[in-house]
Amino acid sequence: MRAAVAVSQDASNPLAGLVLQQVPDPVAKPGWVKVRVKASSVNMHDVWTLRGVGHDPKNIPIILGCDVAGVTEDGREVIIHPVIADANAGEGDETLDPNRALLSEQHDGGFAQYIVVPERCVLDKPASLSFEEAACLPVAWSTAYRMLFTQGQLRAGQKVLVQGAGGGVASAAITLANAAGATVYATSRSAENRALALELGAAEAFSTGDRLPERVDLVIETVGEATWAHSLRCLKPGGAIVIAGATSGTSPEADLGRIFYHQLRVIGSTGSTREETAAMVDFVERHQLRPVIDRVHTLDEIHLGFQAMIDGGLSGKVVIAIP
């Protein structure tokens, strides 16, 4: 089968390590399922792997692609829960399993004609979504769902700030929070992404660091150093900031005085459990939500999709269609 394989890592020239090549079809071992991939979306995680960030070089070569939608051998249309882990090793929460792995970290990912995954990772695709749309959900939307509803305990009527509206997790968080009945404020340096945030359901969108009209109950934070101080200032006393990334840096000034005086809660969040992914899929179906796609490429054009991710300025996901 054809696959896009990470064969090397180079921080300055990541695409040099992305190679399209023929590889053997995977074989499903007991308890695993073979899926014919129809679409797989690009994540920054794929770029970081090629740059050698957070990916053990001993796991190279490996097929990239964390987000997968496809068809099982018995004709079931599915999406793949992207975390391969043991809930028992995480005391009931698979995201706390120290050996958890996202697809394409220890197990081959979805930029290929076929993939094999544990049976528990196979979920029914929402009938209302195309394969390309469904392939946008597993990583970003499940991460956002966990941030909002498990870690953030979001309730209808609350106020939410989503920093960095152009990102995949942030865009999903805006859509999900709005559908849940929250008032959503969003920030971005980009006028185009602020406009997109409004289209997704944000009540108002602001330039990064601008003053909000009111303080919020919850901040969704994936930017890090560049927005951290603003995130803390925007919280109500007793509010919570949930962090699932730090693309601008991991070491902001903590401002512990504000945190303890206003009794703010700082909560980390990583990935999602299978149950949260299933709940997210059900939420998307019930509310008839649709992820935004910036562009679709074929597997042969995958380098163009990766370059678009590296260049930035996207308004939605980059999807690789694999007919």
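Quick note: the coordinates plus some simple rules give every number you see, no bench work behind them. Owing to the predicted nature of the structure, the values given are computational and were not obtained by experimental measurement. FYI the Cβ positions are ideal-geometry reconstructions off the backbone, even for glycines, and counts take in every protein chain you see.
Would you mind estimating how fast segment 65-208 diffuses translationally, via Stokes-Einstein at 4 °C and 1.567 mPa s with the Kirkwood radius over Cα pairs, in µm²/s? Value of D from the Cα-based Kirkwood radius: 79 µm²/s.
Mean projection of the Cα convex hull over all viewing directions, computed for segment 183-258: 5.0 nm². Here, P(r) means the percent of Cα pairs in each 5 Å bin from 0 to the largest distance; for segment 1-150 it is 2, 10, 18, 22, 21, 16, 8, 3, 0. Note on residue 91 and residue 298: the model spin-label points, each 7 Å out from Cα along the C-beta direction, lie 5.2 nm apart. The residue list 292, 269, 160 was ranked by how far each Cα lies along the charge dipole of the chain toward its positive end, using unit charges on Cβ atoms, and 160 comes out on top. Note on segment 1-144: with charges restricted to the Cβ of Lys and Arg (+1) and Asp and Glu (-1), its dipole about the Cα centre is near 380 debye. Short-range pairs are left out: with C-alpha atoms under 8 Å and at least six residues apart, the relative contact order of the chain is 18 percent.
Between segment 57-92 and segment 97-155, the C-alpha centres lie 7 angstrom from each other.
Note on segment 244-291: Cα convex hull, mean projected area over all directions, 5.6 nm². Simple spin-label estimate for residue 290 and residue 25 gives 3.4 nm between the two label positions (7 Å along the Cα-to-Cβ direction from each Cα). When the scattering of segment 215-323 is computed by the Debye formula from its Cα atoms alone, each counted once and equally, what is log10 I(q)/I(0) at q = 0.10, 0.17 Å⁻¹? Summing over Cα pairs of segment 215-323 leads to -0.46, -1.02. Please list, short to long, the whole-number percent of alpha-carbon pairs of segment 141-268 in consecutive 10 angstrom bins beginning at zero. Final binned percentages: 15, 52, 31, 2. The modelled label-to-label distance between residue 99 and residue 278, using points 7 Å beyond Cα along the C-beta direction, is 2.3 nm. With the alpha-carbon atoms of the chain aligned to their principal axes, the span from lowest to highest coordinate is 58, 41, 37 Å, starting with the largest. Placing +1 on the Cβ of every Lys and Arg and -1 on the Cβ of every Asp and Glu, with no other charges, gives the chain a dipole of roughly 520 debye about its Cα centre. Positive end of the dipole of the chain (Cβ unit charges, origin at the Cα centre): among 69, 234, 244, the Cα lying farthest that way belongs to 234.
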